[in-house]
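Data block below; observations after.
Read the figures in this text as sums done on the coordinates, not as results from a lab. Quantities reported herein were computed from a predicted structural model and do not represent experimental measurements. Every residue, glycine as well, gets a Cβ built from its backbone with ideal geometry; the counts of neighbours run over all protein chains shown.
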């Protein structure tokens, strides 16, 4: 059975709603990458060095990342030799298969890690402007739909309007927010929220954090302080440290992940605004170069458009036309 056929069968067993979200959310990346790939296949009749060089450029332009692309191209060359592939049309399923292999581990790690009993604490980090507060609101909605009670901590006390913005989201999804005045000590806000969460016996506490202080060192020190408070008050917490990245910033998002990863033990990535970029390949770069699972992706502006990451859905959304083409040809 071909890779495309296997993938199609997997997707058929999942909800149409999720499949549609990934397909529409990846439309810009799909049109850019697959469109250029189809053009490449049309122009080249045989798989040669020139073909691989242009394929390399296409993948790099989609922000797959130079390191990831070079390794992927080497693997593709090995597969071409091993399978004795001559026609460029026959390499398209192999490319998607290799991309799927890069993301396979994400399917295993994508689920949120929560406490088996008692309070779960999620620390959300990221620079200003990436959609951190919006992500917290949408994540709260997602957890509530799963039947969990949620409380929010307004730990971003430095950005003007951050507390108000979180409160608006709290009201929108029906979740309380623990806050203090602007400029307060973030660790003190989180401490208050931890006490409130324990006394109210809520399932999940989500803590917002500052995205920028006077300099990077101050920001990381502040995050470490907040993390220590959480660890002291709830043994084993935080259960997740989610780093929010803006997919439209491409390689800059990758450098942010490296910086935060050194200081806060990031356990998962939330990639926002994936629907707004043609460079969705950043998902592959993060997975391959940082070995941090992408746990959620933003596929639209609606409250339920934050979706748990699914590697099969991602590859299907990216190569939709190629995967569905055989069936259309059979009907014809």
| Among 65-72, 120-127, what's the highest-first ranking by average C-beta atoms within 10 angstrom per residue? | 120-127, 65-72
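Most exposed first by the Cβ proxy, i.e. fewest other Cβ within 10 Å, how do 209, 12 rank?
12, 209
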| query | Given the Cα-Cα distance of residue 258 and residue 31 and 0.36 nm per residue of separation, how much length would full extension add, in nm? | reply | 78.8 nm
| message | Compute the helix-to-body angle for 132-145: its Cα long axis versus the longest principal axis of the chain, expressed 0 to 90° and rounded to tens. | response | 90
| message | Need one number: % antiparallel among DSSP beta bridges in the chain, to the nearest 5. | response | 15
| Considering the chain as a Gaussian network with a 10 Å cut-off on Cα pairs, which listed residue, 104, 201, 146, attains the greatest mean-square fluctuation? | 146
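Work out the P(r) tail for the range 236-287: percent of alpha carbon pairs separated by more than 19 Å, whole number.
On the way: 326 of 1326 pairs.
Beyond 19 Å sits 25 percent of the P(r) for the range 236-287.
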| said: Just to check, using Stokes-Einstein with a Kirkwood Rh over alpha carbon pairs, what's the diffusion coefficient of the range 22-92 at 10 °C and 1.306 mPa s in µm²/s? | reply: 125
| Of 22, 4, how do they rank once you tally other Cβ atoms within 10 Å and put the fewest first? | 4, 22
| query | Expressed in whole Å with the largest first, what are the equivalent ellipsoid semi-axes of the range 1-147 derived from the C-alpha gyration tensor as the square root of 5 times each eigenvalue? | reply | 36, 18, 16
| message | For the chain, set up a GNM with springs between Cα atoms under 10 Å and report which of 175, 190, 241 has the largest fluctuation. | response | 175
| message | Of the candidates 160, 196, 257, which one comes out as most mobile in a Gaussian network treatment of the chain with C-alpha springs shorter than 10 Å? | response | 160
| message | Please list, short to long, the whole-number percent of alpha-carbon pairs of the range 132-270 in consecutive 10 angstrom bins beginning at zero. | response | 12, 43, 38, 7, 0
| request: For every helix of n ≥ 4 consecutive DSSP H residues, a contribution of -39,500 (n - 2.57) applies; sum these over the chain, divide by its total residues, and give [θ] at 222 nm rounded to the nearest 500 deg cm²/dmol. | output: -18000 deg cm²/dmol
| task | Could you tell me how many degrees, from 0 to 90 and to the nearest 10, lie between the Cα long axis of helix 92-109 and the main elongation axis, the longest principal axis, of the Cα atoms of the chain? | result | 20
| Angle, helix 320-331 long axis vs. longest principal axis of the chain, Cα atoms, 0 to 90°, nearest 10? | 50
| request: Take the Cα coordinates of the chain, assign each an equal point scatterer, and use the Debye formula without solvent to give log10 I(q)/I(0) at q = 0.06, 0.08, 0.09, 0.16 Å⁻¹. | output: -0.24, -0.41, -0.51, -1.27
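What is the order of 42, 316, 191, fewest Cβ neighbours within 10 Å to most? Don't skip to the answer; put the middle values down first.
Working: 42 10, 316 25, 191 18.
Result, fewest neighbours first: 42, 191, 316.
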